[in-house]
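First the structure, in the form of structure tokens, and then the observations on it.
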Amino acid sequence: MSDLSYTPPKVWVWDASNGGQFANINRPVAGATHEKILPVGEHSLQLYSLGTPNGVKVTIMLEELLAKGITGAEYNAHLIRIGEGNQFSSGFVEINPNSKIPALIDNSVNPPLRVFESGSILLYLAEKFDAFIPKDLAKRTECLNWLFWQMGAGPTLGGGFGHFYAYAPEKYEYPINRFAMEVKRQLDVLDRQLADNTYIAGEDYTIADMAIWPWYGALVNNDIYEAAEFLDTKSYKNVQRWAKLIRNRTAVQRGRSVNRVWGEEKNQLAERHSASDIDKII
């Protein structure tokens, strides 16, 4: 343990300079910081996102729907650069008052519907297009169990472990160890579940896989935080098998390239407005 200790003040006061890599966009209040109208493309579904794990969930879902021949899932994917504060524009806040990507507008209904939070978007699309969610009550419930498991578990991996291990301005033993322990417990939960199931919720590929893979699949594939060795992710053999299975899907490869503006240039597609945009890089 470090000898350093912190005594919280009686009343917390925001220090805008404290926060490391993301200090310029972190703040203790909500609402828009500037006026800006969001662009609108030709398709009914308008996605405003970035190719982070949460954003990738939705683009994978949309590409999977299109792969099934569901033409109503055609979409425009507009880039939201969260590092530049695009999520605090008046247009984006109108869609998602929480100022987090991804956010979706469905213009195929009147009045148009806003859908925010990645899990909500996955469930909305699954129900709208009757795909990737079981009809059987028991199987549907199991799928939703794991979808909401990810909603609750994900912040520990992202805002907890990922922040203190990869992004915090200073590294401290206690928070890294605390969140590493919990992430490894979560990986063990998944590994045990996948020991007897091809996919997360059973033998069918569902929105549960689409929600969990961009975080935990990326972790074991060393695509986020470069922490695979630190967390000994090779020891989770069933998660490794599942992560590879999902990654090899063509629609997943297409979806993970959308709104991506880092990594190998050949895998980047800042915005997607037609299938041909992805065809050029996949």
Going down the list Lys10/Lys100; Lys171/Lys237; Lys36/Lys184; Lys36/Lys171; Lys244/Lys280, which pairs span over 32 Å between their C-alpha atoms?
-> Lys36/Lys184; Lys36/Lys171
Rg ratio (alpha-carbon, reference 2.2 N^0.38 Å) - region 117-157 = 1.20
Calculated on alpha-carbon atoms, Rg and Dmax of the chain in Å | 19.4, 60
D for region 139-202, whole µm²/s, Stokes-Einstein with Kirkwood Rh over alpha-carbon pairs at 10 °C and 1.306 mPa s: what number?
-> 123
antiparallel share of DSSP beta bridges within the chain, to nearest 5, in %, is 60
The chain - percent relative contact order, Cα under 8 Å, separation 6 or more | 22
How large is the charge dipole for the chain, taken about the Cα centre, if only the Cβ atoms of Lys, Arg (+1) and Asp, Glu (-1) carry charge, to the nearest 20 debye?
-> 140
What whole-number value in cubic angstrom gives the convex hull volume per residue for the C-alpha atoms of region 137-248?
-> 86
Excluding residues fewer than 8 positions from Lys57 in its own chain, the aspartates and glutamates with Cα under 12 Å of it are Glu117, Asp209
One finds, for Tyr172 and Leu113 with R0 = 45 angstrom and r their Cβ-Cβ distance, a FRET efficiency to the nearest 0.05 of 0.55
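We did not get these values from a lab; they are worked out from the coordinates using the rules stated. Quick caveat, the model's predicted, so the values are computed rather than measured. Neighbour counts run over all protein chains shown; Cβ positions are idealised from the backbone, glycine included.
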